[in-house]
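Undergrad: Have a look at the structure that comes next, please.
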Amino acid sequence: MQFIAHKKFDYKTVLNQINFNESIVYFKINFLDADFIIEIDKFIKHKNCFFQIDILGNLAESGNWYISLKEDAQKIEDIIATVDNSISIYGDLYENAGANIVQQLAYMLAHATEYIHIFGDKVASKLHFEISVGTNYFHEIAKLRAFKLLWKSLLTQFKLEEKEAHIFAKPTLRNKTIYDYNVNMLRTTSECMSAILGGATTISNISYDEIFAVKNEFGERISRNQLLILKEESGFENANDFANGSYYIDSLTEQMAEKALAIFKQIEKGGGFLKQLKEGVIQRKLKESASKEETQFLNNELILLGTNLQPNKDNLMHDKLVLDPFLKQRNIKTLFPPINRKRLSEKLEQQRLKEEKEGE
């Protein structure tokens, strides 16, 4: 269960009927208020409560601190002093910005390490991870397994208590499309299967119309039912270790971990995650990876069914878009260029929408 908040809310009313012994509850807090977070934690006081707060992730995506480095850091100090499970690494940002799998692993590891550099060893046990899962089935299984391996290795290197990475996984938005949008259900089903077999702690599905429609009962019900079918009818209820012993997946896992570790060491040698972010090194690498992937898509080397392969020309979307599904240009002053989430098919979709409008 995940609550997403952009401002303070009446948590006593919201949480009144929730049994924390039976459910893991995540609070994605998109603002920084230490007192409010500590209040909620005191009210709940349960190991199944996780706060998805990430000042470095917010900095990477917005280009600015919430307030300033000093004030943001002080608020995080206040939070981690009393709140367990209080820092989430927004690893989904990198996948949705076009990073390849090895880059995702390296940047998440460097991102988490920066917290240890800033706040000390005490923060390591408070960290958990948000990861987006793509459609490359076996590679995505290996990605999650590789990250768990890397995180364990990092804790050992820092001589900290070994604790398995707690992973909150959800399907990527990178490959989701507005045209032939029912195919999104196939994509998310495959991605949820990869998350399960990769050993994610929690899987949160997204609705097929997530990118262009406001949340609605039908879309939400379909996304829940996908998970229920996997759990109750497809034998995935206790499938976290099904991939154990697979030579192919083990081989992929080792290769990914080894390559990601090499990039991670380069980042640390270059001054660490925050320094590389401020210098624009990470943004440049992400842009190169995203551009390469988009070129493959436009050349039909990378396929999204119903969009660049077998598109249905009778499928018109101009009047169905409630939300703007495209990357928005932000005209605000930033400390450095932010990392932008962008879907693979945006350019092609914008062209089709333009043709629709011209044909009216």
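Undergrad: With N denoting the number of residues in the range 59-169, provide Rg(C-alpha) divided by 2.2 N^0.38 Å, to two decimal places.
TA: Against the empirical 2.2 N^0.38 Å value, I get 1.08 for the range 59-169.
Undergrad: Follow-up question, since we're still on this one. Which aspartates and glutamates, if any, have their Cα less than 20 Å from the Cα of Lys313, not counting same-chain residues under 8 positions apart?
TA: In chain and number order, the partners are Asp180, Asp209, Glu346, Glu349, Glu355, Glu356, Glu358, Glu360.
Undergrad: In terms of solvent-accessible area of protein heavy atoms at a 1.4 angstrom probe, what is the ranking of Val102, Val25, highest value first?
TA: Of Val102, Val25, the descending order of accessible area is Val102, Val25.
Undergrad: Pull out the extension gain between Glu217 and Gln2, defined as 0.36 nm times the separation in residues minus the alpha carbon to alpha carbon distance; nm, one decimal.
TA: Values: separation 215, 0.36 × 215 = 77.40 nm, distance 1.62 nm.
So the chain would gain 75.8 nm between Glu217 and Gln2.
Undergrad: How would Lys12, Lys7 line up by accessible area, probe 1.4 Å, largest first? Show your work: numbers first, answer last.
TA: On the way: Lys12 115, Lys7 155 Å².
The most accessible residue leads, giving Lys7, Lys12.
Undergrad: Where in the chain are the DSSP H helices whose C-alpha atoms run 24 Å or more along the long axis and whose mean Kyte hydropathy is at least 0.5?
TA: 101-119
Undergrad: Moving on. Only Cα pairs within less than 10 Å get springs; with that Gaussian network setup on the chain, which residue of Glu71, Glu301, Glu22 has the largest fluctuation?
TA: Glu22
Undergrad: I would also like to ask the following. Sorting Phe218, Phe119, Phe326, Phe242 by accessible area (1.4 Å probe), largest first, what list results? Please list the in-between numbers first.
TA: Numbers: Phe218 105, Phe119 10, Phe326 30, Phe242 125 Å².
Descending order: Phe242, Phe218, Phe326, Phe119.
Undergrad: Between the range 119-183 and the range 43-90, what is the C-alpha centre distance in whole Å?
TA: 18
Undergrad: Could you give P(r) for the chain, binned at 20 Å from zero, as whole percent values over all Cα-Cα pairs?
TA: Distribution as computed: 28, 61, 12, 0 percent.
Undergrad: With every protein chain left in place and a probe of 1.4 Å, what is the accessible surface of Cys192, to the nearest 10 Å²?
TA: Rounded to the nearest 10, that gives 0 Å².
Undergrad: A further question on this structure: For the range 221-360, just say rounded, prolate or oblate: build the C-alpha gyration tensor, square-root its eigenvalues into a ≥ b ≥ c, call rounded for a/c under 1.5, and beyond that prolate if a/b exceeds b/c, oblate if not.
TA: The shape class here is oblate.
Undergrad: Please tell me which of these pairs span more than 26 angstrom C-alpha to C-alpha: Lys75/Lys269; Lys265/Lys287; Lys320/Lys354; Lys28/Lys354?
TA: Flagged as over cut-off: Lys75/Lys269; Lys28/Lys354.
Undergrad: Please report the carbon-and-sulfur percent of the accessible area for the range 26-112; probe 1.4 Å, protein heavy atoms only, DNA, RNA and ligands left out.
TA: Numbers: 1280 of 2630 Å².
C and S atoms contribute 49 percent here.
Undergrad: What relative contact order, as a whole-number percentage, does the chain give when Cα pairs under 8 Å and 6 or more residues apart are counted?
TA: Numbers: 531 pairs, mean separation 68.3, N = 360.
Relative contact order here is 19 percent.
Undergrad: How many angstrom lie between the Cα centre of the range 194-225 and the Cα centre of the range 291-311?
TA: 24
Undergrad: Among rounded, prolate and oblate, which fits the range 153-290 when a ≥ b ≥ c are the square roots of the eigenvalues of its C-alpha gyration tensor, a/c under 1.5 means rounded, and a/b larger than b/c means prolate?
TA: The shape class here is oblate.
Undergrad: What percentages make up the Cα-Cα pair-distance distribution of the range 1-141 when the bins are 10 Å wide from 0?
TA: Going out from 0 Å in 10 Å bins, the range 1-141 shows 11, 41, 34, 14, 1 percent.
Undergrad: DSSP loop trypsin sites (Lys or Arg not before Pro) in the range 23-76 with at most 13 other Cβ atoms within 10 Å of their Cβ, which ones?
TA: Sparse-neighbourhood loop trypsin sites (Lys or Arg not before Pro): Lys45, Lys47.
Undergrad: Specify the residue with the greatest mean-square fluctuation among Val133, Val14, Val83, computed from a Gaussian network of the chain linking alpha-carbon atoms under 10 Å apart.
TA: So, out of Val133, Val14, Val83, the one fluctuating most is Val14.
Undergrad: Running a GNM on the chain with Cα contacts under 10 Å, which residue among Asp319, Asp84, Asp250 ends up with the highest mean-square fluctuation?
TA: Result for the chain, Cα springs under 10 Å: Asp319 fluctuates most.
Undergrad: If you count only protein heavy atoms with a 1.4 Å probe, what accessible area per residue comes out for the chain, rounded to a whole Å²?
TA: 50
Undergrad: Next question, about the same structure. For the chain, what is the mean residue ellipticity at 222 nm derived from helices alone (per DSSP H run of n ≥ 4: -39500 (n - 2.57); sum divided by total residues; nearest 500 deg cm²/dmol)?
TA: -15000 deg cm²/dmol
Undergrad: With every protein chain left in place and a probe of 1.4 Å, what is the accessible surface of Arg330, to the nearest 10 Å²?
TA: Using a 1.4 Å probe on the heavy atoms, I get roughly 110 Å².
The values are calculated or read from the model by the stated rules, or taken from the named source; none is laboratory data. Every value quoted in this text rests on a predicted model; they were computed, and no experiment measured them. We place every Cβ from the backbone using ideal geometry, glycine too, and count neighbours over all the protein chains shown. Keep in mind that these areas ignore ligands, DNA and RNA; they rest on the heavy atoms of the full protein, side chains included. Shrake-Rupley method; radii C 1.70, N 1.55, O 1.52, S 1.80 Å.
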